[in-house]
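The values are calculated or read from the model by the stated rules, or taken from the named source; none is laboratory data. Quick caveat, the model's predicted, so the values are computed rather than measured. In this analysis, Cβ positions are derived from the backbone assuming ideal geometry, glycine residues included, and neighbour counts consider all displayed protein chains.
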């Protein structure tokens, strides 16, 4: 319950792994879309970690460099140490990796057929709408905080108008936030 | 008109596309990308793959992103696999994946060990909020940049913008489940594209 590294029996570890195997195939639109289901499993049902640990896991992965899916490893780590991280990460990656490789090869071999071209042409606008929606939802916490809203707007402008590396913008954001501006 | 044919289009000679020379280069570029990706790697991926390395055009990036989003699993991880696989098969796929995950995984787990001590510090939580705001801005800017690719869509710009706007409203404002939006609106969009391409 407290997230000590030896807290889980082998059977529990296997259950954790199996749960994330299933979640992998449900994670359309990214691993974060299955976060509510992960929360239900590790916090509500099994009480392996607390609600605060769960939220902290997502926050730390957001703040660290790398893909957002790393929050899955942090959750695993908080549940059962290195073995837990191994179980959740391989669980979330294995099925989707196999499926992605298979599907992309299937599509690549038929890329000039009407069906595949219609699929990529038709889905492209949805992809962009979804990306914009993701940005919108990420900006949610900034709503009502003038400093943070200004940071969002300034980032959009700087990114569209200059070739400045995102890392510098992130650094400015972190400094502004630490100074109490956000 | 074919989106799929953009890669081989010689009229693009003004800024020719490059290709990674080896699995090692794939690893390095994806690793560099990942280490710059605070609050998500997609914005950086667009910049590195399209603007800096010139491995793909904006159109190809959107096409690859569309496939990665429709497939289950983390989008950017799927994208790494797809790009790596196209270049060097399975070895390429895993080189790109390793570049994307290995070192950031070490960093995030190290931070996890430290986090418990510093989480409640107001400067730390303030910095996290500031970085969150910037991450949101980066994603919005990337989406706006990529919207220009719809000009070249076989569906035409008005229809493309229309489908993008409906998707945005359904997910961001109405909070509909993604799966239903992709299946419902997606089939309408694909059918429209089919009809346009088939004429």
Being more than 8 Å from chain B (Cβ to nearest Cβ), surrounded by fewer than 24 Cβ atoms within 10 Å (Cβ to Cβ) and outside any helix (DSSP H, G or I) narrows A:91, A:144 down to just A:144
- Task: With the condition kept exactly as written, say whether any residue in segment B:103-126 is under 20 Å from the mean Cα position of the chain (by Cα) and at the interface with chain A (Cβ under 7 Å from one of its Cβ atoms).
- Result: yes
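Out of B:90, B:173, report the one residue that is surrounded by fewer than 20 Cβ atoms within 10 Å (Cβ to Cβ), closer than 25 Å to residue B:72 by Cβ, more than 8 Å from chain A (Cβ to nearest Cβ) and at pLDDT 90 or above.
The unique qualifying residue is B:173.
Listed here are the residues, each with its yes/no results for (1) within 7 Å of chain B (Cβ to nearest Cβ); (2) touching a residue at least 40 places away in the same chain (Cβ under 8 Å); (3) part of a helix (DSSP H, G or I); (4) in contact with a strand residue (DSSP E or B) (Cβ under 6 Å, 6 or more places away or on another chain).
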site	(1), (2), (3), (4)
A:81	no, yes, yes, no
A:99	yes, yes, yes, no
A:123	yes, no, yes, no
A:130	yes, yes, yes, no
A:133	yes, no, yes, no
A:152	yes, no, yes, no
A:155	yes, no, yes, no
Given (1) in a helix (DSSP H, G or I); (2) in contact (Cβ under 8 Å) with a residue 24 or more places away in the chain; (3) more than 19 Å from the chain's Cα centre (by Cα), residue B:154 misses just (1)
Expected single match for in contact with a helix residue (DSSP H, G or I) (Cβ under 6 Å, 6 or more places away or on another chain), at negative phi and either in a helix (DSSP H, G or I) or at the interface with another protein chain (Cβ under 9 Å from one of its Cβ atoms) (or both) among B:134, B:179 is B:134
Filtering segment A:159-176 down to residues that are within 15 Å of residue B:133 (Cβ to Cβ) and either part of a loop (DSSP other than H, G, I, E, B) or within 8 Å of chain B (Cβ to nearest Cβ) (or both) yields A:159, A:166, A:169, A:170, A:172, A:173, A:174, A:175, A:176
